[in-house]
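Just passing along the structure, written as structure tokens.
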Amino acid sequence: MASGDDSPIFEDDESPPYSLEKMTDLVAVWDVALSDGVHKIEFEHGTTSGKRVVYVDGKEEIRKEWMFKLVGKETFCVGASKMKATINIDAVSGFAYEYTLEINGKSLKKYMENRSKTTNTWVLHLDGEDFRVVLEKDTMDVWCNGKKMETAGEFVDDGTETHFSIGNHDCYIKAVSSGKRKEGIIHTLIVDNREIPEIPE
């Protein structure tokens, strides 16, 4: 390596949670959107040593160095609600493996499809900061940037309002019947008397 301007990638003494050298056996990465935020799950599988390492948001959750059985599953928890996640390791052919992630016993795809029916998500920008607000329709819990919010519900003429605050901003989620059985209840986030558009997850 030449001297002079060729400085190392990490100049300060703070090394990252895991270094790139160790990640050579990285075989799968998933992003999982839960009420408390989007979590990154990474999986290392050493097909010669049988090593299995699971990282959630860069933090090591499981490490098994020598596994004689190369197929199987690893189960761990994700997020503030300690959601159960399982990585399935299946042999496809010869030395090829397939890795699938299950959340709460459902495939990630099925879980996310179901989640879009049971939650509403909004992203907004207030006071120079981004906020991700999630409503869990079954419990009416409201999450903002990973924290469960203190809420107060009240009945209004055409439905209900669930009030909470972000900083010094008044927010509420209005629930109104659509009048159509298939659509059910429509939830709208109002911040400082302004409607915030919902984002699909």
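The values are calculated or read from the model by the stated rules, or taken from the named source; none is laboratory data. Quick caveat, the model's predicted, so the values are computed rather than measured. Heads up, the Cβs are rebuilt from the backbone with ideal geometry, glycines too, and the neighbour counts pull from every protein chain shown. For accessibility, only protein heavy atoms count, side chains too; no ligands or nucleic acids. Shrake-Rupley method; radii C 1.70, N 1.55, O 1.52, S 1.80 Å.
Output the Kirkwood hydrodynamic radius of the chain, Cα pairs only, in Å rounded to one decimal.
20.0 Å
Report, in degrees rounded to the nearest 10, the 0 to 90 angle that the Cα long axis of helix 108-118 makes with the longest principal axis of the chain.
Helix 108-118 sits roughly 10 degrees off the main axis of the chain.
So, R0 is 25 Å and r is the distance between the beta-carbons of LYS59 and VAL27; what FRET efficiency does that work out to, to 0.05?
0.85
Quick one: which residues, 5 or more positions from ILE62 or on another chain, have an amide H under 5 Å from its amide H? H modelled 1.01 Å from N in the peptide plane, none for Pro or chain starts.
Here the answer is VAL54, since their amide H atoms fall under 5 Å of that of ILE62.
Using only helices, what value at 222 nm comes out for the chain when you add -39,500 (n - 2.57) per DSSP H run of length 4 or more and divide by the total residues, to the nearest 500 deg cm²/dmol?
-1500 deg cm²/dmol
Please give the contour-minus-distance gain from VAL123 to ILE185: 0.36 nm per residue of separation, less the Cα-Cα distance, rounded to one decimal in nm.
20.3 nm
I've got another one for you. Using a 1.4 angstrom probe, figure out how much accessible area the chain has per residue, in square angstrom, rounded to the nearest whole.
Accessible surface, normalised per residue, equals 63 Å².
Sticking with this one: Quick one: which of LYS51/LYS117; LYS109/LYS137; LYS82/LYS180; LYS82/LYS117 span more than 31 angstrom between C-alpha atoms?
Checking Cα-Cα distances, LYS51/LYS117; LYS82/LYS180 exceed 31 Å.
Can you list the residues, at least 5 places off or on another chain, whose amide H is less than 5 Å from the amide H of TYR97, using H built in the peptide plane?
Distant-sequence amide H within range of TYR97: VAL92.
On the accessible surface of region 116-196, probed at 1.4 Å, how many percent belong to carbon and sulfur atoms?
Using a 1.4 Å probe with all protein chains present, region 116-196 comes out at 47 percent carbon and sulfur.
Okay, next question. Longest span of the chain, sites excluded, free of chymotrypsin sites (Phe, Trp or Tyr not before Pro) in DSSP loop with at most 14 other C-beta atoms within 10 Å?
96-201
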